[in-house]
Structure formats: C-alpha cells, structure tokens
1. Restricting everything to alpha-carbon atoms, can you work out Rg to Rh for region B:305-431 with a Kirkwood hydrodynamic radius?
2. Report, in deg cm²/dmol and to the nearest 500, the calculated mean residue ellipticity at 222 nm for chain B, where each DSSP H run with n ≥ 4 adds -39500 (n - 2.57) and the sum is divided by the residue count.
3. Label 7 Å along Cα→Cβ of B:ALA166; region B:29-49 residues with amide nitrogen under 20 Å?
4. What residues qualify as long-range amide H neighbours of B:VAL539, i.e. H under 5 Å apart, gap of 5 or more or another chain, H built at 1.01 Å from N?
5. Select from region A:90-159 those GluC sites (Glu not before Pro) which occupy a DSSP coil region and have at most 13 other Cβ atoms within 10 Å, ordered by residue number.
6. Pick out, in residue order, every one of the GluC sites (Glu not before Pro) in region A:37-90 that is DSSP loop and has at most 15 other C-beta atoms within 10 Å; say none if there are none.
7. Where does the charge balance sit around B:THR99 when Lys and Arg score +1, Asp and Glu -1, over other residues with C-beta under 10 Å from its C-beta?
8. Considering the options B:MET497, B:THR150, B:MET434, tell which one lies farthest towards the positive end of the dipole of chain B, charges being +1 on Lys and Arg and -1 on Asp and Glu at the Cβ, about the Cα centre.
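The values are calculated or read from the model by the stated rules, or taken from the named source; none is laboratory data. Quick caveat: nothing in here was measured; it's all calculated off a predicted structure. Note that each Cβ is placed from the backbone with ideal geometry, even for glycine, and that neighbours are counted across all protein chains shown. For the accessible areas, the whole protein counts, side chains as well, though only heavy atoms, and no ligand, DNA or RNA atoms are used. Shrake-Rupley method; radii C 1.70, N 1.55, O 1.52, S 1.80 Å.
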Amino acid sequence: MKHTLSVLLQNKPGVLSRVTGLFSGRGFNIESLSVAETLDSSLSCLTLVTTGSDAIVEQITKQLHKLIDVIKVTDISESEYVEREMALIRVKAENTTRAEVLRVIDIFRGKVVDVSPKAYAVEVTGSATKIQAIIDILRPIGIKEIVRTGTIAMARAPK
Amino acid sequence: MGKITGSEAIIQCLLEEGVKTIFGFPGGAVIDLYDALMDSDVNHILVRHEQGAVHAADGLARVTGDVGVALLTSGPGATNGVTAIATAYMDSIPMVILTGQVPTPLIGNDAFQEVDIVGITRPCTKHNYLVNNAEDLVPTLREAFHIARTGRPGPVLIDLPKDVVASMVEFSEKKPIRMQNYQPTYEPHLGQVEKACKEILKAKQPVLYVGGGVILSNSNEELTELAQTLNIPVTMTLMGLGGFPGGDPLSMGMLGMHGSYTSNMAVAKSDLLIAVGARFDDRVTGRIDAFAPHAKIIHIDIDPTSISKNVDVDIPIVADCKHALAAINNWFVSCGQDLNEVGATHSEWIETIKEWTRKHPMAYADEGEVIKPQFVVEKLDELTGGDAIITTEVGQNQMWAAQFYKFNKPRRLVTSGGLGTMGYGLPAAIGAKMAFPDATVIDIAGDGSIQMNIQELATSKQYDCPVIVCILNNNYLGMVRQWQELFYDKRYAATVMEVTPDFVALAEAYGAVGFRCDKTSEVEATIKKALEAVKKSTVVLDFRISREEGVFPMVPAGKATTEMLLV
Ligand SMILES: Cc1ncc(C[n+]2csc(CCOP(=O)(O)OP(=O)(O)O)c2C)c(N)n1
Ligand SMILES: [Mg+2]
C-alpha cells in the first residue's frame with residue numbers, strides 16, 4: 001500500500017542523509033521525496049511517499065521518530081489530504097502539432113513557460129495520476145525532456 | 001564565567017558529567033586537547049589501538065552504568081574506532097566518543113587525515129555531531145551525554161575540528177536539558193499495565209523472557225520480585241544474563257541458538273511470554289513463525305521500534321523496564337488476590353520445566369585428562385564464587401562462558417552480543433578493572449579472538465590494571481569450525497590456526513605472567529595460581545582444550561528453537 005508521510009525535521013546539514021540512510025540501511029523503499037524549509041526557517045518539511053505493508057509503514061514511522069533530528073512524523077494518507085506534484089515537460093511543437101499541444105495543455109490547466117521554434121516547455125501541477133496522464137497523452141507527440149518533482153502533500157483541515 | 005579554551009571547556013564538561021577516566025590515543029588533530037588533559041583531573045588511559053580505547057570505555061560503561069568516554073584522533077584514529085562504536089551501538093551502551101577533525105576551513109578538501117566520520121558512523125551511533133562553531137561546543141557536549149544515557153542508551157560521537165577546540169568559548173552554567181524532538185517515554189501506560197497483569201493472572205504456563213534492557217535500566221530487583229512472587233520461570237538472552245540470579249531455581253538459563261533445552265522448550269510451550277527489555281533477535285527466536293507459537297506476548301521496551309519489529313505483540317508497554325516492572329508489581333500488591341495462590345497455579349508448569357532439565361541438563365562428555373572448556377568455566381565459577389566480572393571474546397568461548405558461569409548479579413557479564421566482535425574481551429576487561437580496581441576480572445577468550453586486540457596487554461601493564469585472560473585454546477576458529485563440521489562436511493576452510501603464538505612467552509614479553517595447562521587434573525591448581533598472581537600482574541592462561549569440542553545445545557540457523565542438536 002502507498003503511504004504519504006509528512007516529516008518535520010531540523011533544518012541542519014546531514015539531516016536528510018540520516019533519513020535516506022535509514023531507508024537504505026533498513027531496506028525500506030522511497031518512491032518520492034521532497035524537502036524544503038517551513039515558515040520557521042529552523043525546520044524543514046519532508047514529504048515522502050513509500051509503499052509497504054501496514055507493519056512496515058509502522059516500523060518506518062517509528063524509526064523516523066527515533067532519529068533525534070526528527071520532530072514529527074504523520075502518515076497523512078491515513079485521512080483526507082491534498083497532494084501535488086509538478087512537472088516541466090519539453091514537448092515537440094511543430095506546425096502540425098502546435099495546436100494539439102496547446103489544447104492538451106489547456107485541458108490539464110498547464111502553462112507554457114518556454115517557447116522555441118520547435119518546442120514548448122510546459123508546466124503542470126496536480127496529483128501524480130494527473131501528471132502521468134498528461135505525459136501519456138504528450139508522449140506520442142514527442143516529449144524531448146521531462147523533469148518532475150516529488151509529491152508534496154498536506155492534510156485537509158478538520159471540518 | 002569568562003572565556004576558556006575549547007579544550008578546557010571539553011574537560012570541564014567531562015568533569016561536570018562525572019567522568020573520571022577516559023581512554024584514547026593521540027594524534028595531530030587532538031593534540032591541544034591532550035595538552036589540556038595532562039594537567040586536568042580527568043584520568044587518561046593510553047591504549048595501544050583505538051578499537052581498544054572504545055571497547056575499554058564500553059567495558060567501563062557496562063559494569064558501572066555510567067557513560068564511557070573515548071578520545072580518538074581524526075582520520076585513521078577515528079576509523080579504527082568504528083568497529084567498537086558499532087559494538088556499543090548494537091548492545092545499547094551509553095558512550096560518548098570524541099574524535100578530532102581537521103580545521104573547519106579544510107573540511108571537504110581531502111586534507112591530511114580527514115575522514116567524514118560523522119557520515120561513516122551515522123548508522124552505528126545513536127546520534128552524532130560535527131561541531132562547526134565554538135559557541136556550539138559546550139551545549140553539544142551536554143546534549144551528547146544526555147542522549148547517550150537516557151532512553152535506550154547508545155554511543156554518541158562528537159567530531160571536533162581542531163580550530164574549534166583551539167578557540168575561546170563561553171562556559172555557561174548547565175541547565176536541565178529539554179529537547180523538543182527527543183523525549184523518551186519512561187512511565188508505562190497504566191491501562192496497558194493492567195491489561196498485562198490480567199493476562200499474567202490468567203496464564204497457566206508463563207515465561208519471563210529477559211533481555212539486556214533489564215541490565216541497562218537496573219531493574220533486576222523489580223524483575224526478581226515479579227518472578228518470585230508469582231512463581232514465573234525466567235529465561236535470559238545473552239545480554240540479559242545476570243538480570244535474574246542464574247542460581248535461582250526459577251532460572252532456566254539462556255535461550256536461543258545455544259540456549260538450554262529447558263528454556264527453548266518452555267518458550268515453545270508457554271501460553272504467555274513476558275518479554276522485558278529484549279528485542280526478539282534472530283539468534284533468540286530461530287525460525288520466527290515457530291517461536292512461542294501458543295503464547296500471547298507482552299513486550300516491555302523503552303524503544304518503540306523494538307516492539308512488533310520481528311514478532312507481533314499482543315500487549316506492548318513502551319516504558320523504562322524499571323518503571324514498568326514496578327507498576328506491574330504494584331498492581332499485583334493491590335489487586336486483592338492471594339499471590340501465593342496465583343503462584344501455586346504454576347506448580348504443574350514448574351514441574352514440567354524441572355523434568356526437562358532433569359532429562360537434558362546443560363552437560364558435556366567427560367574425556368579424562370583432555371580438558372573440557374566447559375569444565376574450565378565451571379571451575380572459574382566455583383573458584384570465584386560466581387562473583388567475578390567476566391568479559392568474553394566471541395565464538396565458542398563466549399557461549400561456554402554464558403552457559404557455564406552462573407551470573408547471579410547484573411553487570412557481571414561483559415560481552416559483545418549484537419555485533420559479536422572478536423577482540424572485545426581484553427580491552428573491555430581493562431575498562432571494567434579501571435572502574436572496579438578490587439574486582440576479579442576475567443576475559444574468557446579464544447585463541448583466535450585474543451589475537452585481535454592482544455596489544456592491550458601493554459595497556460594493562462602500563463596502568464597496573466591486572467586482569468586474567470583465560471584462553472580456551474583449541475587452535476581453531478572454533479565456532480566457525482563447528483558450523484563447518486555440522487553443515488559443510490567437515491571442510492575446515494580457513495578455520496585452522498596453523499600458526500599460533502606461544503601465549504605464555506607472549507604474556508611474558510608484555511611483562512605479564514603466563515601459565516599453560518593441558519590436563520584436566522591441573523585446571524583447578526592453574527586457576528588458583530592465576531587468582532593469586534593477578535593480585536600483582538595480568539595473567540594469561542593457555543588452556544589446551546579438547547580441540548573439536550562443540551557448543552550444545554545448538555539450534556541450526558533457520559530452524560525452530562525446539563529442533564536442538566544436543567550433546
Ligand atoms: C571481528 C570478527 N571477525 C570474524 C568473526 C566471525 N567469527 C565468529 S566466531 C569466530 C571464531 C573465533 O575463534 P576463537 O576466538 O578461537 O574462538 P573459539 O570459537 O575457538 O572459542 C569467528 C571467526 C567475528 N565474530 N568477529
Ligand atoms: Mg579457538
């Protein structure tokens with residue numbers, strides 16, 4: 001099962017390597033990972049997507065907690081949450097395909113962020129499935145380059 | 001208080017934490033600190049290899065419960081310490097390791113004797129630090145000691161760049177340490193305690209399974225009270241030996257791969273397993289699905305990651321063992337039941353257990369004048385009244401020590417359990433002897449392991465720190481040979497020690513005393529001579545034992561613990 005963990009940690013050198021070292025050392029799996037400073041610049045928030053049985057995810061959560069530099073670990077996929085990824089996709093945009101590319105971008109509410117005679121660079125955000133969907137549609141037209149972020153996620157506020 | 005040098009501040013911190021003795025080995029990166037140590041009240045022991053320094057500090061920590069401290073130089077000094085740091089980490093030993101580092105402007109430039117020791121030791125320390133700024137020095141040291149000794153203890157490493165140590169720092173007053181991100185749970189959840197107690201009342205065939213956590217938390221008295229008032233048989237892991245008196249009728253000895261027949265059978269048949277400060281290691285459980293198959297499991301541990309890691313637990317109690325056991329004992333005192341009656345309901349179970357021991361006691365075959373290693377350990381036990389501090393090397397020697405010495409008190413067995421580090425015993429014995437100069441300290445050794453840190457004989461000589469090294473010499477890497485005998489058609493690949501030094505001559509070369517013994521009838525006299533001689537000098541005993549003696553019972557790796565090979 002896929003789990004999205006939100007981990008609050010000290011914003012200090014070496015902390016990320018404690019987290020990734022824990023995963024590699026114990027054979028846990030990381031599907032994606034994304035970190036940045038929080039409002040409080042002494043802390044970072046790390047969103048980590050992993051898969052595993054409930055027992056493994058429980059072990060992952062406890063092991064993360066055990067790291068001295070980790071302050072809080074929440075499995076936000078346990079309740080309602082929003083998740084986003086972003087991708088930058090450079091796709092062929094020649095005379096014959098330009099209109100089609102623009103239509104697809106529009107459907108996915110993407111943005112053209114760089115233009116060259118033969119290609120557009122497109123920015124899209126959304127869930128991992130949405131990003132995958134636009135990639136699948138653009139692929140036959142001709143994707144030249146792609147860069148994706150890991151997932152970031154936030155629990156929905158309690159109603 | 002005004003400013004003092006970083007070196008002085010480090011020494012002040014050590015004194016503030018109650019550290020009297022540290023073990024180390026100098027080098028360019030720590031020369032300032034050594035200079036300051038020379039005039040300080042901290043006693044420094046110069047070892048002969050950095051691994052020895054860390055093991056010695058670890059030995060001191062295990063017998064006292066205090067934080068052991070080692071000081072190593074940068075680069076090779078630090079890397080030489082890594083095996084010993086990992087040893088302490090696996091057994092949750094409170095330690096602070098100080099390593100020198102190249103000056104901050106040079107870090108990352110492959111400077112002379114630069115190594116990323118913080119990176120290297122990240123997975124084998126409880127926590128580690130690189131002190132980048134002078135103002136962080138004192139707070140970091142204080143935090144390191146706090147982390148090392150609280151919660152589930154462990155080694156903490158502090159990497160000290162030379163310029164930071166040489167700078168002037170403020171020595172602020174010590175305040176209680178509160179860390180937002182680190183707050184171990186000491187007190188048990190009382191609801192869980194009650195659940196556990198009710199389960200204990202219901203059990204007909206309960207077993208207490210005791211691990212190193214009982215020793216680390218000094219809860220042997222609470223444990224003994226629980227076992228004795230409710231008449232519950234006790235089995236211990238290698239790390240738990242001494243947590244309950246080995247000579248008590250309720251003690252079944254060790255469990256697991258080389259555990260007693262009784263212990264392994266009792267766990268297999270029990271209906272309630274009460275795990276206290278133990279972690280269900282594979283050497284204990286054998287084939288995991290066949291471990292305690294009929295039992296409900298109560299698990300007390302201060303480290304939540306230990307719970308339900310290897311086996312599913314029915315009633316977890318995250319707490320310090322001492323607090324949890326005290327709460328359990330209290331519950332029983334006030335539960336309104338006649339506890340003698342409760343204890344009496346286990347009589348039939350205890351009878352079954354006694355029957356197992358009658359059928360298959362810990363035993364070995366007599367070979368006349370050919371010395372049996374088990375006999376040597378039994379004699380050591382007898383002649384020291386079971387009250388010596390026993391350190392061990394690793395291999396058959398370690399298992400025979402665990403099986404045949406009766407550890408009646410905690411902190412008497414000092415052994416590398418989790419990592420199984422050959423070369424641990426001698427430096428650890430020196431550390432233990434430094435802590436308790438009046439104690440009899442014996443390293444039960446193998447001919448292979450002792451050669452891994454034998455240079456520490458010089459340390460014991462230099463500091464007048466006499467210990468007995470009792471080599472059970474089989475001229476083999478015996479434990480590996482035993483596996484080859486049993487599972488590899490007796491193909492003794494790389495386990496025959498074709499060249500072994502003359503240990504008696506070697507002892508003498510180091511200024512120690514050496515005795516050789518190759519007859520059963522002379523074992524007792526040899527040990528007596530050693531116990532006399534050790535009052536003045538370190539003694540090396542070379543017992544030429546039955547070469548192909550095995551350690552039994554043995555549960556082959558991956559088998560259920562009831563599938564024991566017996567003598
Ligand atoms: C540093 C290290 N290297 C290798 C091993 C693997 N090993 C475990 S027991 C053993 C044999 C030890 O031989 P010896 O010290 O003579 O003890 P014996 O088993 O003969 O009593 C070996 C090689 C180990 N535990 N530690
Ligand atoms: Mg040997």
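1. On the way: Rg = 19.8 Å, Rh = 18.8 Å.
That ratio is 1.06, to two decimals.
2. Value at 222 nm, helices only, nearest 500: -10500 deg cm²/dmol.
3. Flagged as within label range: B:29-39.
4. Answer set, sorted by chain and number: B:VAL467, B:ILE468, B:VAL469, B:VAL513.
5. Working: sites: A:GLU94, A:GLU100, A:GLU123, A:GLU145; in loops: A:GLU94.
Within region A:90-159, the qualifying GluC sites (Glu not before Pro) (loop, at most 13 other Cβ atoms within 10 Å) are A:GLU94.
6. On the way: sites: A:GLU37, A:GLU58, A:GLU78, A:GLU80, A:GLU83, A:GLU85; in loops: A:GLU80.
The qualifying sites are A:GLU80.
7. -2
8. B:MET497
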